[in-house]
Every structure is written in C-alpha cells, then in structure tokens.
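A quick write-up on the structure given underneath.
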Amino acid sequence: MSFRFLVRVLATLLLALAAAALCLALRTPLPWMIGPLLAVSLASIAGAPTASYTPLRNAGQWAIGTALGLYFTPQVVALVAGVWWAIALAIAWALLLGWGFGRWLHGLHARRMLHVPARSMRATTYFAGAIGGASEMTLLSESAGARTDLVAAAHSLRLVVVTIAIPFAMQWSGLHGLEINPPGAREVNAGGLLLLALATGVGGLAMRALKRTNPWFIGPLLVAMGFTIAGQSLSAVPTWMSNAAQLVIAVSLGVRFSREFLHTAPRWLGSVALGTFGMLLLCGAVAWLLAWATGLHPATMTLATSPGGIAEMSITAKVLQLGVPVVTAFQVCRLVAVLLLVGPMYRWVYGRK
C-alpha cells in the first residue's frame, strides 16, 4: 500500500467520522452508517480522491457477523426454525421480484439502448434486477455477456437507496425496541472477546478458503452462533467496535460512486432508483402479510424481506432492536438461495433465445 493511498484512506475515514458525528448531533437513524455513506458517496461523485482499504471492510464485516451471531440463543433458533415456511416464501418472492424488476428495466431500455446487443441487454437487465449482492451478481452477469458496468451500478444504487430509506422510515414511524429475546452475552470480557475473535477469525479464513460469498461475515456469524447455541457466553462485542464496523462498511459502499457514475446512462440510474422505491412498497405489503401469518412484528418482517444487503439490514435491525435473528436468518437464507438459483433461472428462462 503506497503512502499516497494511505493518505487517501485516512482522509476518507476522517470525513466519514465527521459525518457520523454530525448525524449523532442531528439524531438521525443509524448515524454511524448513514452519515459516512452519504458523505463519502457525495465526495466521490464530486471527484474527491476517496479510498477504502479492503482489510478494514473485512474487519467491519467480521465485527458485525460476530455481534449478530450472539443473538442466536436456543430459544431464538427454535423461533426461527418454526417459521421456515415463511423463509421459503420470502425466497420465492425475492426471485419473482428480481425477475419482474429485470423485465421492467428491459421494457424501458431495450429500445433506447440499441447499441447493446439483444442477448447482452437481456442478461444486463436480468442480473441488474436480481435481489443479490452487487459483486456476486456482477460476476454472474459477466459470464452471460451482460454490461457489467450497468449491473454493478444498479446494485450499488439500489443498496444505497434501501440503506438510507428504510432506517428513516423506521424512525419516523417510531418503531424500535421490539426485541423479545436479547443477545446471550451482554458484558464485554477481555479474555472471552479474544477467544471469540480468534475462533470467528478462523471461521472467516475457512469460508474464504472455501471461496464462499461474504466470508468475513458468514464465517464469524456461524462460529458465534455455534458458541451461543451451545450456551457459551464468552463476551459481547463492544459498542465502539460495532460503530467502527458500520463506518468502514459505509465507506466501502460510498467509494463505489464516482464522477463518471452519474454520466453513465443517467436514465438507467433514474429508472433503477424509481424501481427500487417501487420494490420497497411491494416488499412492505408482503412483509405485512407474512407478519400476519407468522405473528412476528411487521417492522421485523419489513427488514427481513427488503431488497437490501445482509449486513446493512442486519445492522438496522440491531441498532433499532427489530428482531435481529429473524432478519439475519431471512437475509442469509435468501442470499444463499439467490446465488444458487439465479443463474439456472436465467438459463431456463432465456436459454433458448
């Protein structure tokens, strides 16, 4: 890492820290996530030399994954297992919604973007609409001949819109503090935290060696879940560590944007933003139906079914105390299912065309 890059990373972190402090003063929801995300995104679009250091982002994902795993007590696991059918319905809904969003994007842009071959346009709109991670969907779309720049831009914009819109909507509605089962470990123990860090770190390395998606989130999450389910309350994750994790994750999202971002197919970006708000409304309706059927709170189900990322929606649930285990279980299961099914679905739907 060059000295110049180090300076850019430090300057970006200082900007993010100042934005978080401002949001704390303004009492905005998720100040450690939304403030840095907005500040770094706007600075990147303005042409500022922002930068994110990947090991810091990985450390942030590790901290969040570990903290969330501490919520999965045996009682909570039984609760989540009891709504397996709702998770299956949420997965089916996510696949259907992503396909519908892709069809809508194709209908809007296929005739306007005649310079893009028909096969490439189908792949571009399909994978841009899929409800999955930006990096994973971009890689899958590349093998199908899609415009990967448009796919990545669509997912980045969708994630930012969801991450900002939902917390504000939750705050305005006054929904918070609905946790029935608090995390097993509430106190920070230095020795226990060190052991927990070593064990979850090994879990992250194992997931990376197996080339799994989001290894530094999923690995620590599973290991921390194992300790909690077994009744071993080693230590809680310090609040400052969770806040720092939110900040570095927000920075890693914000630096994806650049001055060229807005100049690349502005109509495409506008339709993605509009479609994302439409998806939020549809997901809200589905969330209320699932809440009625399961008896869980509508706010929890809204986060569980929203078209956002695992870390971002789980952080929202953690900060606002809105059913962390349920939200995490729904989001993790959905991501795994989408990664396994979205590729075969594309070949099944468009393989003959």
Exercise. Looking at the stretch 22-53, which of its residues are assigned to a helix (DSSP H, G or I), without any contact (Cβ under 8 Å) to a residue 12 or more places away in the chain and either touching a Pro at 6+ places or on another chain (Cβ under 9 Å) or within 27 Å of Thr328 (Cα to Cα) (or both)?
Worked result: Leu24, Ala25, Pro31
For this session: Please list, ordered by first then second residue, the pairs with beta carbon atoms under 6 Å, 6 or more apart or interchain, first in the stretch 189-203 and closer than 18 Å to Ile64 by Cβ, second at pLDDT 95 or above.
Result: none
For this session: Return only the number of the condition from (1) assigned to a loop (DSSP other than H, G, I, E, B); (2) open to solvent by 20 Å² or more (accessible area, probe 1.4 Å) that Phe72 does not satisfy.
Result: (2)
Exercise. Looking at the stretch 230-252, which of the residues that are assigned to a helix (DSSP H, G or I) and out of contact with any helix residue (DSSP H, G or I) (no Cβ under 6 Å at 6 or more places or on another chain) is nearest to Gly60 (Cα to Cα)?
Worked result: Ala244
Problem set entry | Residue ID - nearest to Ser242 (Cα to Cα), chosen from residues in the stretch 1-45 that are surrounded by fewer than 20 Cβ atoms within 10 Å (Cβ to Cβ) and aromatic (Phe, Trp, Tyr) | Phe5
Seminar exercise, completed: Sole miss for Phe257 among (1) under 30 Å from Leu79 (Cβ atoms); (2) in contact (Cβ under 8 Å) with a residue 60 or more places away in the chain is condition (1)
For this session: Could you please give the count of residues in the stretch 107-136 that are crowded, with 19+ Cβ neighbours inside 10 Å, small (Gly, Ala, Ser) and part of a helix (DSSP H, G or I)?
Result: 4
Exercise. Can you spot a residue in the stretch 257-268 that is surrounded by 16 or more Cβ atoms within 10 Å (Cβ to Cβ) and closer than 22 Å to Val324 by Cβ?
Worked result: no
Exercise. For the stretch 137-151, how many residues are of a type in the set (D, E, K, R) and surrounded by 19 or more Cβ atoms within 10 Å (Cβ to Cβ)?
Worked result: 1
Problem set entry | Where Gln321 falls short, out of the listed (1) under 14 Å from Ile91 (Cβ atoms); (2) open to solvent by 30 Å² or more (accessible area, probe 1.4 Å) | (1)
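The values are calculated or read from the model by the stated rules, or taken from the named source; none is laboratory data. As the structure is a computational prediction, the values presented were derived from the model and not from experiment. So basically every Cβ, Gly included, is an ideal-geometry build from the backbone, and we count neighbours across all protein chains shown. Note: areas computed on protein heavy atoms with side chains; ligands, DNA, RNA excluded. Shrake-Rupley method; radii C 1.70, N 1.55, O 1.52, S 1.80 Å.
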